[in-house]
Every structure is written in C-alpha cells, then in structure tokens.
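One structure below.
The values are calculated or read from the model by the stated rules, or taken from the named source; none is laboratory data. Just so we're clear, the structure is a prediction, and the values are computed from it rather than from any experiment. Here the Cβ positions follow ideal geometry from the backbone for every residue, glycine too, while neighbour counts run over all protein chains shown.
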Amino acid sequence: MKASAGQIGGLLDNPRPGIRFYLFHGPDEAGAMEYAARLARALGPGIERFDFESKALRDAPGALVDEAASLSLFGDKRYIRILGVEDGVSEAVGLLLAAERVENPVVAIGPSLKSSAKLVKAAIAAPAAVAFACYAPEGADAARMAQNMAREQGLRLGTDAAQRLAASTNGDRAVLAREIEKLALYLDAAPERPRDADVRALDAIGADLGEAEISEAIAAIVEGRTADVGAELARLDEAGNSPIVLLRQLARRLMSLAEMRGEVDAGASVADVLERHRIFFREKGSTGHALRRWSAPQLVRAVDRVRAAERGLMHGGSVGDVLADAECVAIARAAAKSA
C-alpha cells in the first residue's frame with residue numbers, strides 16, 4: 001500500500017501484524033532513517049536489528065526471506081533493515097512478500113529510488129507492504145518540524161528561530177538534530193527542564209551553516225578543480241560546517257546532473273536541457289560544462305560513493321571529516337580525468 005503523510009505515523013506507531021515490508025524511498029534519507037527508528041521503538045524495548053546491504057541481496061536474494069522467517073536464538077524480537085536499497089533487490093523482496101510465514105518485519109531505505117521504480121510499484125501493490133516517499137520538508141512544514149524536534153529536547157523554539165534553523169539546514173533532519181542538541185546543551189534544557197530558545201541563542205552558538213562556502217566547495221568538486229578542492233574543504237572545516245551537509249548537497253547536485261545527463265543521452269541538446277530545468281543564468285555555463293564532462297554512469301557511481309560516505313558518518317565509528325574529505329577529493333579527481 002501507498003501511505004500518505006497523514007497515515008505513516010499511525011502505521012509506524014501501531015505496526016500491523018500483516019505488514020512485513022516497509023519501504024522508505026526518496027531523497028530525504030535522514031527522514032527515512034528516523035521513520036525506521038520510529039518503527040523499531042514501536043516494536044518494543046530490546047528489539048534486535050539485522051542489517052543487509054543491497055549488494056548481498058542481489059547476489060543471494062533468498063537470504064532476505066530466510067532471515068525474515070528465522071527466529072532469534074534467544075527468542076528476542078527482531079527486525080531487518082536494508083540500506084541503500086535499489087531495484088536490484090526486487091527479487092529478494094518478491095520472495096519475502098510471497099513467503100508463507102515471516103517472523104521479522106523488513107525495513108528498506110532507498111534514497112535514490114524514484115516513485116516509478118519497480119520496487120516502489122511492487123510495494124504499493126502488495127497488501128503486506130507499505131511504501132512512503134520521503135522528501136525534506138520546506139517552508140512552514142520545516143519550521144514546524146524544527147519546533148517539534150526542539151520540544152523533545154526541552155526547547156520552546158520561537159517562530160523566527162525555527163524558520164532560521166530550518167532554512168540553514170535545508171530541512172535536513174540529521175543536521176537539524178545536531179544543531180538542536182547544541183542549542184539544548186547551551187541553554188541547559190531537557191524535557192523535565194524546558195527552556196525558551198530564540199534567535200539570540202542561535203547567534204550565541206553560531207548556528208550558521210555557511211551556504212555560500214558549501215556551494216563553492218561543491219562547484220570545485222563537480223568541476224574537477226582539484227587544486228581548489230583542498231582549500232575549499234579546509235575553509236568549511238575552519239567554519240565548523242557539518243560534513244553531512246556537504247555530502248547531502250553534493251549528492252543532490254550530482255543526482256540533478258545525472259537526470260539532466262540522461263536527457264542529453266536521450267537526444268536532447270545541452271541548451272534545451274538547461275532551459276527545461278530552469279537553470280539560473282549565472283550557473284548555465286558551469287552546469288553545461290559539467291554535463292559535457294560527466295557521463296551518466298560516472299554520475300551514478302559518484303552518487304553511490306557520496307551516499308556510502310554519508311551512511312558511514314551516520315553510523316558512527318568512522319573517521320568523520322577525513323572520510324568526507326577523501327570522497328570529495330576522489331570525485332574531483334574523477335571529474336578532472338573526464339575533461
């Protein structure tokens with residue numbers, strides 16, 4: 001079934017026994033991860049998680065239904081999560097949906113999956129599945145999300161402060177959560193110790209993500225200006241910018257280029273594609289150059305690398321900024337070789 005924004009909360013907070021597959025697709029990966037965590041909380045305390053990577057299921061599609069049908073050795077509740085899901089796991093999901101018995105629900109997160117993908121259509125058509133498209137909220141919705149997240153940390157976030165936080169984080173839940181945590185720490189706030197937070201508190205903690213600096217870094221990476229990338233990344237680091245914000249915006253830029261490059265490969269001219277996508281006139285030159293420099297397969301590989309680096313940062317235990325910087329430099333070098 002296809003879930004609406006009004007339905008998804010109830011489906012996650014009160015899981016139905018007949019639902020065995022949850023698919024969160026679309027570019028808001030942080031939101032999808034939060035929905036998966038919300039379902040896990042609803043499944044009960046002490047829930048165990050088993051993670052699959054998409055490649056493993058492409059190579060052995062039967063492994064998913066085997067794991068979903070198996071009981072924990074100690075009888076604990078379990079659920080299965082698939083990261084970076086793509087159409088290549090359709091066979092594995094088909095076996096899951098057709099299985100006679102499933103003990104453990106499966107949650108799949110596919111930030112690169114579009115609504116037209118085979119897997120999304122299969123999940124919508126299946127009574128035992130839920131599909132939900134995740135997009136970063138904008139405008140008033142993003143501000144309300146900031147206020148709701150702040151409330152969980154014991155912060156009463158003013159309207160102006162909520163709008164500023166939402167705008168500076170582009171509605172990215174993961175980055176927004178980090179900024180709210182910093183704000184709660186600064187104000188000594190907690191659910192049992194609520195505090196008011198306004199724009200003066202944001203100024204005090206320096207909650208400014210440097211949009212212009214990030215844009216300059218992304219331009220250097222995509223254009224293959226390897227001599228400039230190091231300086232741009234160092235500038236971001238000195239300003240205290242989040243590597244997750246950089247990777248997310250870089251992924252969006254590469255995905256946009258991949259879509260446009262697909263149209264060029266289908267026979268459209270670069271000029272027509274730039275007009276169709278309403279590229280800002282000051283960016284037409286660099287975007288056109290990038291479309292001629294990059295091939296569609298190269299863009300897809302670059303997006304995959306950025307997503308993998310982002311997941312590494314989100315999961316913890318990684319080398320953080322070094323991982324993000326290494327991937328950015330590698331992508332810039334790839335772009336330089338394509339010139």
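Some observations on this one:
- Scanning region 100-116 for residues that are at pLDDT 90 or above and over 21 Å from I47 (Cβ atoms) turns up just one, G110.
- Residue in region 116-138 that is acidic (D, E) and under 19 Å from the mean Cα position of the chain (by Cα) present: yes
- Within region 304-339, restricting attention to residues that are β-branched (V, I, T) and at pLDDT 90 or above, the residue that is nearest to E29 (Cα to Cα) is I331.
- Tally, over region 217-249, of residues that are β-branched (V, I, T) and modelled with pLDDT under 80: 2
For every residue, the table says whether it meets (1) of a type in the set (A, V, I, L, M); (2) closer than 22 Å to P27 by Cα.
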residue: A99; (1), (2): yes, no
residue: V106; (1), (2): yes, yes
residue: G110; (1), (2): no, yes
residue: L113; (1), (2): yes, yes
residue: I124; (1), (2): yes, yes
residue: A129; (1), (2): yes, yes
residue: F132; (1), (2): no, yes
residue: P137; (1), (2): no, yes
residue: D141; (1), (2): no, yes
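- Filtered by the rule that a residue be over 18 Å from R305 (Cα atoms) and either in contact with a Pro (Cβ under 9 Å, 6 or more places away or on another chain) or among the aromatic types (F, W, Y) (or both), region 230-272 gives L236, D237.
- For region 50-65, the tally of residues that are more than 13 Å from S90 (Cα to Cα) and either surrounded by fewer than 14 Cβ atoms within 10 Å (Cβ to Cβ) or among the aromatic types (F, W, Y) (or both) stands at 3.
- In region 155-183, of all residues being among the basic types (K, R) and surrounded by fewer than 18 Cβ atoms within 10 Å (Cβ to Cβ), the one that is farthest from S215 (Cα to Cα) corresponds to R156.
- Contact map, region 66-83: residues that are of a type in the set (S, T, Y) paired with residues that are modelled with pLDDT under 90 and part of a strand (DSSP E or B), Cβ distance under 8 Å, separation 6+ or inter-chain. Pairs shown: S72/E48; S72/R78; Y79/E48; Y79/R49; Y79/F50.
- Whichever residue in region 37-71 is within 25 Å of I8 (Cβ to Cβ) and assigned to a loop (DSSP other than H, G, I, E, B) and, among such residues, is modelled with the lowest pLDDT: G46
- Against the list (1) outside the structural domain of S54 (by TED's automatic domain parsing); (2) surrounded by fewer than 24 Cβ atoms within 10 Å (Cβ to Cβ), the condition A125 fails is (1).
- Filtering region 263-296 to residues that are of a type in the set (D, E, K, R) and in a loop (DSSP other than H, G, I, E, B) leaves only R278.
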